[in-house]
Amino acid sequence: MNNVWSEHVQGVMTLYLSRKLRFDDLFSGKYLSLFSLDQEKELKILEIGCGPGALAEALHRWYPRAKITGIDRDTNFIEFARENVEGVAFLEGDITALPFPNESFDVVISNTVQEHIEPEIFWNEQRRVLKPGGICLCLSSRRSIQCAAPCLADSPEETEFWNRCPDLKAEMEKYGVGRFGLTEAELPAAMEAHGFLDVTTGYAVTDLTPDDPKYPKEFAERIIEGRRQNDLEAVYRTCSLWKTAEEKEAFDRMLEQINQKHDERLSLFRCGEKQWDTEVNLTMILRGIK
Ligand SMILES: C[S@@+](CC[C@H](N)C(=O)[O-])C[C@H]1O[C@@H](n2cnc3c(N)ncnc32)[C@H](O)[C@@H]1O
């Protein structure tokens, strides 16, 4: 049983909802063209470090003939994925020693995993389980632009709360999060250095702006709810570090305030009063052949 990631780094729902937006069919065109996989083939696809399963879920929609397996060592993620994601086999396990024979997959894919795993092991394990001519796809989250809705601005009480909070960044460093991060130039070079051929790079942009009329209402509301989840989780995380009764009261007030603000955001959206808050993410997609 290992719940390090879901309990100390990113919670199940926060990760699942944010990735579900990022891998929505609205953005599938760019992913499909950069992945460049045959949608008609019965490919065996492995997703390593699959978290709660949102990318594997999208792959199942985009490649309905493929046989998809997701593996992650976090028990909470795998339990959630098994209950909520259809058409994918999920396995709890360590991606630094993949429990699969050599040459058993046509495609191995990962999203925001490379930077957490020792590079030799990260690339070599994927190469080992890929069939000759198999494809490695490495997705890496790069820059982002974030602009909050005016109605979500921190109240003086919230500002004071955040100023008093322990440093969550230091907490994450304890778990080695992002310790092997590479630049946009180092990533393809590392892939080549580990024996992958015909390496290509490309970028997919997901722009999450609920007030933009190009988005269906249901999608826009999911963006707003994803942000609520993100903000609530930030409070829950500090909750697990602070324990006195007085602190507990401050947490409860924070949760109430955050919920009120996001309720207001939702009602402004529903009555057409625009806030133009946005979050833009840039994902780098590397593709190499064994
Ligand atoms: C940033 S999260 C990304 C999760 C998922 N790919 C997504 O985008 O939602 C990194 C994931 O790698 C997993 N992970 C890290 N080291 C691992 C290891 N040695 N074996 C299996 N999974 C690992 C974590 O549990 C976590 O789910």
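The values are calculated or read from the model by the stated rules, or taken from the named source; none is laboratory data. Computed from a prediction, not measured in an experiment: that's the story for all the values here. Here Cβ is always computed from backbone atoms with ideal geometry, including for glycine, and neighbour counts include all displayed protein chains.
The sole residue among 102, 76 that is in contact with a Lys or Arg (Cβ under 7 Å, 6 or more places away or on another chain) and either under 27 Å from residue 14 (Cβ atoms) or free of Cβ contacts under 8 Å to residues at least 60 places away in the same chain (or both) is 102.
Looking at region 39-55, can you tell me whether even one residue there is surrounded by 15 or more Cβ atoms within 10 Å (Cβ to Cβ), over 27 Å from residue 196 (Cβ atoms) and within 13 Å of the ligand (Cβ to nearest atom)? For region 39-55, residues surrounded by 15 or more Cβ atoms within 10 Å (Cβ to Cβ), over 27 Å from residue 196 (Cβ atoms) and within 13 Å of the ligand (Cβ to nearest atom): present. Evaluating residue 90 against the criteria (1) part of a strand (DSSP E or B); (2) away from the ligand (no atom under 13 Å from the Cβ); (3) under 16 Å from residue 51 (Cβ atoms); (4) of a type outside the set (Ser, Thr, Tyr) leaves one unmet condition, (2).
Answer with yes or no whether residue 207 is outside any helix (DSSP H, G or I), touching a Ser or Thr at 6+ places or on another chain (Cβ under 7 Å) and touching a residue at least 24 places away in the same chain (Cβ under 8 Å). So residue 207 fits the description; yes.
Checking 1, 13 one by one, the residue that is more than 9 Å from the ligand (Cβ to nearest atom), under 22 Å from residue 237 (Cβ atoms) and not in a helix (DSSP H, G or I) is 1 and no other.
If you check 187, 139 for being at pLDDT 90 or above, part of a helix (DSSP H, G or I), surrounded by 15 or more Cβ atoms within 10 Å (Cβ to Cβ) and of a type outside the set (Val, Ile, Thr), only one passes: 187.
Between 181, 176, the distinction of being touching a helix residue (DSSP H, G or I) at 6+ places or on another chain (Cβ under 9 Å), in contact (Cβ under 8 Å) with a residue 40 or more places away in the chain, part of a loop (DSSP other than H, G, I, E, B) and closer than 29 Å to residue 278 by Cβ belongs to 181 only. Sub-6 Å Cβ pairs linking a first residue in region 7-22 that is under 19 Å from residue 204 (Cβ atoms) to a second residue that is part of a helix (DSSP H, G or I) and more than 10 Å from the ligand (Cβ to nearest atom), at least 6 apart or interchain, are 17/226; 17/229; 18/226; 21/226, ordered by first then second residue.
Go through (1) touching a strand residue (DSSP E or B) at 6+ places or on another chain (Cβ under 9 Å); (2) within 10 Å of the ligand (Cβ to nearest atom) for residue 67 and report which single condition fails. Just one mismatch for residue 67, condition (2). Going through (1) aromatic (Phe, Trp, Tyr); (2) closer than 24 Å to residue 237 by Cα; (3) within 14 Å of the ligand (Cβ to nearest atom) one by one, residue 161 falls short only on (3). If you go through region 30-65 and keep only what is at negative phi, in contact with a Phe, Trp or Tyr (Cβ under 8 Å, 6 or more places away or on another chain) and among the small types (Gly, Ala, Ser), you end up with 54, 56, 58. Looking across region 16-61 at every residue that is in contact with a helix residue (DSSP H, G or I) (Cβ under 9 Å, 6 or more places away or on another chain) and in a strand (DSSP E or B), the one that is farthest from residue 106 (Cα to Cα) is identified as 48.
The rows are residues; the columns are (1) crowded, with 21+ Cβ neighbours inside 10 Å; (2) more than 19 Å from residue 10 (Cβ to Cβ); (3) aliphatic (A, V, I, L, M).
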{"position": "70", "(1), (2), (3)": "yes, no, no"}
{"position": "82", "(1), (2), (3)": "no, no, no"}
{"position": "87", "(1), (2), (3)": "no, yes, no"}
{"position": "95", "(1), (2), (3)": "yes, no, yes"}
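Only one of 36, 18, 6 is over 26 Å from residue 216 (Cα atoms) and surrounded by 17 or more Cβ atoms within 10 Å (Cβ to Cβ); which? Full working, then the answer.
Numbers: 36 fails: surrounded by 17 or more Cβ atoms within 10 Å (Cβ to Cβ); 18 fails: over 26 Å from residue 216 (Cα atoms).
The conditions single out 6.
Residues in region 251-289 that are outside any helix (DSSP H, G or I), within 24 Å of the chain's Cα centre (by Cα) and over 30 Å from residue 108 (Cα atoms): 276, 277, 278.
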